[in-house]
Every structure is written in structure tokens, then in C-alpha cells.
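**Q** Next up is a structure, given as C-alpha cells.
The values are calculated or read from the model by the stated rules, or taken from the named source; none is laboratory data. Note that the coordinates shown come from a computational prediction; the quantities given were computed from them, not determined experimentally. Note that each Cβ is placed from the backbone with ideal geometry, even for glycine, and that neighbours are counted across all protein chains shown. Each accessible area value is taken on the protein alone, full model and side chains, heavy atoms only, with ligands, DNA and RNA left out. Shrake-Rupley method; radii C 1.70, N 1.55, O 1.52, S 1.80 Å.
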Amino acid sequence: MIIAIATYNGYVSQHFGRCQSYTMVDIVSGNIIKKEQVANPGHAPGAIPEFLNQKGTKKIVCGGIGARATELFAHYGIEIVAGVDGTVEHVVDRLAKGTLTGGEALCKPGAGRGYGIEKTVCDHAHEEG
């Protein structure tokens, strides 16, 4: 199974579409077959779900993701595990062991408007809880 982890400086990115790259991991029966970095093709409506679908992705792991991207991934049959944080290495280990779980999205995206992949801080309000 090919899994794309939204990556920013070695950590799971809070914003799926604004990460630096995707760590693409192929895991079969708990074994890591292949792992590579793929550059983010750019944050444009619908572009990343299509890009990752073309790469054979079956699951995406991220901190947060917007409603439109969620709909597009569902269209392609790609599972989303959001609400994940930590290092990519730790996440890959949990994926291989089958113990990775998600939760509530860590950041509520701003509907894809107003900034690109280089921005590291979002402009929208965060919920405290």
C-alpha cells in the first residue's frame, strides 16, 4: 500500500496542501518496501489529490486537511488519517506496525485561500480545546 505523509522539515505537516513534500512509503505486510520524498506540486484546487492518485496513493497522513480536499480524496478512494503529529520516522514506524491512529485535525484550513506552500503559520483562528 502506498501512503503519502504530508511532510515539513521531517515532521508531519499541519496543513496537508502546504507541506514542503510528501514522504511516499510503500508498506506490504508490515514491511517498508520503498520510501521516497516527492515535492509538493503546488497548492491549487484539486491538483494534489489528483497528483497523489496518479502516484498510486491509497492513504494520506497529515495534521489537518480541508473539506474540499477530503471530498476529492474520497472521490479517488484514498483514505485520510488526519490529526497526526510527530516525526515522519515515528509515523512510518507506526504505519508499518499498524498502530497509527488519527484524531481531530490539528489545524482548521482556510479553504485553500490566501497563502501558498511557503507559509508556515495560518491566518485563521484556531479552536482551543
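**Q** Quick one: LYS59 ticks every box in (1) open to solvent by less than 40 Å² (accessible area, probe 1.4 Å); (2) of a type in the set (Lys, Arg); (3) not in a strand (DSSP E or B) except a single one, so which number is it?
**A** Of (1) open to solvent by less than 40 Å² (accessible area, probe 1.4 Å); (2) of a type in the set (Lys, Arg); (3) not in a strand (DSSP E or B), only one is false for LYS59: (3).
**Q** Determine, yes or no, whether GLY66 is touching a Pro at 6+ places or on another chain (Cβ under 8 Å) and either of a type in the set (Ser, Thr, Tyr) or modelled with pLDDT under 95 (or both).
**A** Yes.
**Q** Within the range 12-20, does at least one residue satisfy the condition of being farther than 15 Å from GLY102 by Cβ, among the small types (Gly, Ala, Ser) and surrounded by fewer than 21 Cβ atoms within 10 Å (Cβ to Cβ)?
**A** No; the residues of the range 12-20 include none that is farther than 15 Å from GLY102 by Cβ, among the small types (Gly, Ala, Ser) and surrounded by fewer than 21 Cβ atoms within 10 Å (Cβ to Cβ).
**Q** Any residue in the range 71-84 that's surrounded by 12 or more Cβ atoms within 10 Å (Cβ to Cβ) and at pLDDT 95 or above: show its pairings with residues that are in a strand (DSSP E or B) and basic (Lys, Arg) at Cβ separation under 8 Å, as long as the two are six or more apart or on different chains.
**A** Filtered contacts from the range 71-84: ILE78/LYS58; ILE78/LYS59; GLU79/LYS58; GLU79/LYS59; ILE80/LYS59; VAL81/LYS59.
**Q** If you go through the range 62-74 one residue at a time, how many are touching a strand residue (DSSP E or B) at 6+ places or on another chain (Cβ under 7 Å) and not in a helix (DSSP H, G or I)?
**A** Qualifying residue count for the region: 4.
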